[in-house]
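In what follows, a structure is listed as structure tokens, so that the remarks can point back to it.
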Number of protein chains: 2
Amino acid sequence: MRIVSLAGGIGGARFLRGLRTAAPDSEITVIGNTGDDISLYGLRVCPDLDTVMYTLGGGINEEQGWGRREESHVVKEELAAYGVEPQWFGLGDRDFATHIVRTQMLDAGYPLSAVTEALCARWQPGVRLIPMTDDRAETHVVVSDERGRRAIHFQEWWVRLRASVPAEQIILVGADQAAPAPGVLEAVAAADAVILPPSNPVVSIGTILQIKGIREALESKTVVGVSPIIGGAPVRGMADACLTAIGVETTAQAVLELYGTPLVNGWLVAEEDAGVALDGVEVQARPLIMHDVPAAADIARAALDLAARLAGGAGVPASPDAQREAAGTGTEREAAGTGTEDAR
Amino acid sequence: MRIVSLAGGIGGARFLRGLRTAAPDSEITVIGNTGDDISLYGLRVCPDLDTVMYTLGGGINEEQGWGRREESHVVKEELAAYGVEPQWFGLGDRDFATHIVRTQMLDAGYPLSAVTEALCARWQPGVRLIPMTDDRAETHVVVSDERGRRAIHFQEWWVRLRASVPAEQIILVGADQAAPAPGVLEAVAAADAVILPPSNPVVSIGTILQIKGIREALESKTVVGVSPIIGGAPVRGMADACLTAIGVETTAQAVLELYGTPLVNGWLVAEEDAGVALDGVEVQARPLIMHDVPAAADIARAALDLAARLAGGAGVPASPDAQREAAGTGTEREAAGTGTEDAR
């Protein structure tokens, strides 16, 4: 089975780890958000691609959700000692190495997609990770502060200001000129199912959907989304600040309408959001909290099952391995109230 | 008093620390060797400039002589995990920050001399450190190995091969096109004395002398050199391998002849090398081992005294501070057999 998933950072990466567990024999292509990418100290940093790569590759800082585990911060301290700005972006030493390798390859002329593939050769994420585009398309946020009304880089708003200043507008600079990276449209065309993880619907998935050709390609596919909003609040992160900026309520219903039809065919919401509905979309309520990998896998299985049903197929055949893996942590999952409603 | 000194790495830096102690009220300009500079992982590394900067700025790893103290090597480990080459050059995490800042400034269009000044704003080395040139002039070494006769970067020969393969030729690539960095010739013109520390006479001082205009400017000045060779062996490092490559014996006499007249006016040799002589050069024998900063300061004082005498002046007036500083460690110096022969 061929699966395509769009992903932002932490939420997307954790969901993907579940998806990989739920569909171990599938070929999974992940289209990663690069709108958050930023050049710092002359190095190219791709936070979302790295979060996916580290999470699926076993190198993530689990507590933090981003960055490397067993990380140190010597380089950052030294840069601060030189008075180098910005000092509000937290890059660790292990992480620096990734950006050094990436920057060297980009400077040598390799496109970001080739660089990402090279980095993944080390991490073996078990999915094919492709940036949404090899071109520069950067999310900027219009804010008004003591310096007046101005557009700042998404990371400055998100990390430095912690989204505390209202976003008046969110713009993907360069979206008009950006083309999908090689392999993106091909993967979508070949996909049996497309899954939208509970990533930020504005600055992660919404960004990917702005790259020309991607939304159109997805519209002819069976697409199932997992709501990033549970009971009127983001599962994690500050998606509400982003939704507010584009005039959308922070509800599972509003996000579904934001994605809309004909893009989405199936929509998973949390049990407290049962009642969400949209013509042409099959909505299913189930536990959506990703306590751990098995819980994420359960959600992924539900999404894949729904996609298979919508496509008229027979659902995802659970491999014996996947069944054993799931069985091994069954008790925990039940205790956490995330038992799967899957009929398989 | 205005002093100009040419310097390579460890030996030069340690001598300069003594020079600064010996002449605390002087204006010292250091012309640093950049022939060893190398681009690694897309970052510009200037080993000699950094050794001088860290040593005089209190950041040096004393035991090692180069690199930062309290250093870690996480970035290097991670680069190796990505399979990035070369892996034979040891950059520490703190050191990486210096190269990141330097590279970012160079990429922004600043010349190396301006970058060096900016880095020194943090380190406050107490001297003005200027690279010999802002242009690319890179030392390459011709070797014959299993891959045939070829020119390799100096660092590959020095660090990877530890100078174990004979150097057939040592070439400063780009020497013809390289101009002295801004301030170099001006500092020489204004100098009351020029001191050549016991740096490598081929790949450190010899390299600086190849930049057009520098040797000529020095020839009209009072120049006193400190022999890097004691009793037929380099004080430290592998200067013998470099001297052999250019057909020069590893003796204090041969190095003096290599520098020659009219460049050198005074020459300090170790007591075991008494007897070294060259027409037009005043040779003085004295202890030359730099056990510690006071010992280095004693040698520097002897060099300055000799320069003053040759220039017809009255020697360097020792400041009360310098005298107190020297007195505080007098016993140690005497115990180490490095008591100064200065007449002051």
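Restricting to segment A:238-253, and then to whatever is crowded, with 17+ Cβ neighbours inside 10 Å and more than 19 Å from the chain's Cα centre (by Cα), can you tell me which residue is nearest to A:V276 (Cα to Cα)?
Looking at the filtered set, the residue picked out is A:Q253.
Filter the helices (runs of 4 or more DSSP H) completely within segment A:1-95 down to those with at least 3 residues that are among the β-branched types (V, I, T) and touching a helix residue (DSSP H, G or I) at 6+ places or on another chain (Cβ under 9 Å).
Passing ranges, in order: A:47-57.
So is B:D48 surrounded by 23 or more Cβ atoms within 10 Å (Cβ to Cβ), within 12 Å of chain A (Cβ to nearest Cβ) and out of contact with any Cys (no Cβ under 9 Å at 6 or more places or on another chain) or not?
no
Residue check, B:A189 against (1) under 18 Å from the mean Cα position of the chain (by Cα); (2) in a helix (DSSP H, G or I); (3) surrounded by fewer than 24 Cβ atoms within 10 Å (Cβ to Cβ), all met but one. Which one?
(1)
Could you identify the single residue in B:V115, B:V143 that is more than 14 Å from every other protein chain (Cβ to nearest Cβ) and touching a strand residue (DSSP E or B) at 6+ places or on another chain (Cβ under 9 Å)?
B:V143
Among the residues of segment B:238-265, count how many are without any contact (Cβ under 8 Å) to a residue 60 or more places away in the chain and part of a loop (DSSP other than H, G, I, E, B).
Adding up the residues that qualify gives 10.
Inspect all residues belonging to segment A:92-110 and state whether any of them is free of Cβ contacts under 8 Å to residues at least 40 places away in the same chain, within 14 Å of chain B (Cβ to nearest Cβ) and under 18 Å from the mean Cα position of the chain (by Cα).
Scanning segment A:92-110 turns up no residue that is free of Cβ contacts under 8 Å to residues at least 40 places away in the same chain, within 14 Å of chain B (Cβ to nearest Cβ) and under 18 Å from the mean Cα position of the chain (by Cα).
Those residues that are surrounded by 17 or more Cβ atoms within 10 Å (Cβ to Cβ) and more than 12 Å from chain A (Cβ to nearest Cβ), I need them from segment B:66-88; list them, please.
The answer is B:W66, B:G67.
Among the residues of segment A:1-44, how many are surrounded by 23 or more Cβ atoms within 10 Å (Cβ to Cβ), within 12 Å of A:I195 (Cβ to Cβ) and either over 17 Å from the mean Cα position of the chain (by Cα) or of a type in the set (A, V, I, L, M) (or both)?
Number of matching residues: 11.
Conditions (1) modelled with pLDDT of 95 or more; (2) surrounded by 18 or more Cβ atoms within 10 Å (Cβ to Cβ); (3) not assigned by TED's automatic domain parsing to the domain that holds B:E156; (4) not in a strand (DSSP E or B), marked per residue:
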position	(1), (2), (3), (4)
B:I195	yes, yes, yes, no
B:N200	yes, yes, yes, yes
B:V203	yes, yes, yes, yes
B:T207	yes, yes, yes, yes
B:L218	yes, yes, yes, yes
B:K221	yes, yes, yes, yes
B:V224	yes, yes, yes, no
B:R236	no, no, yes, yes
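Kindly provide the set of residues from segment B:118-133 that are within 17 Å of B:P182 (Cβ to Cβ), in contact with a Gly (Cβ under 8 Å, 6 or more places away or on another chain) and either among the β-branched types (V, I, T) or more than 13 Å from chain A (Cβ to nearest Cβ) (or both), ordered by number.
Answer for segment B:118-133, where residues must be within 17 Å of B:P182 (Cβ to Cβ), in contact with a Gly (Cβ under 8 Å, 6 or more places away or on another chain) and either among the β-branched types (V, I, T) or more than 13 Å from chain A (Cβ to nearest Cβ) (or both): B:R128, B:L129, B:I130, B:P131, B:M132.
Could you list, in sequence order, all residues of segment B:237-281 that are closer than 22 Å to B:V165 by Cβ and touching a helix residue (DSSP H, G or I) at 6+ places or on another chain (Cβ under 6 Å)?
Hits for segment B:237-281 are B:V248, B:T250.
The values are calculated or read from the model by the stated rules, or taken from the named source; none is laboratory data. This structure is a prediction, so every number in the text was calculated from the model and none was measured. Here Cβ is always computed from backbone atoms with ideal geometry, including for glycine, and neighbour counts include all displayed protein chains.
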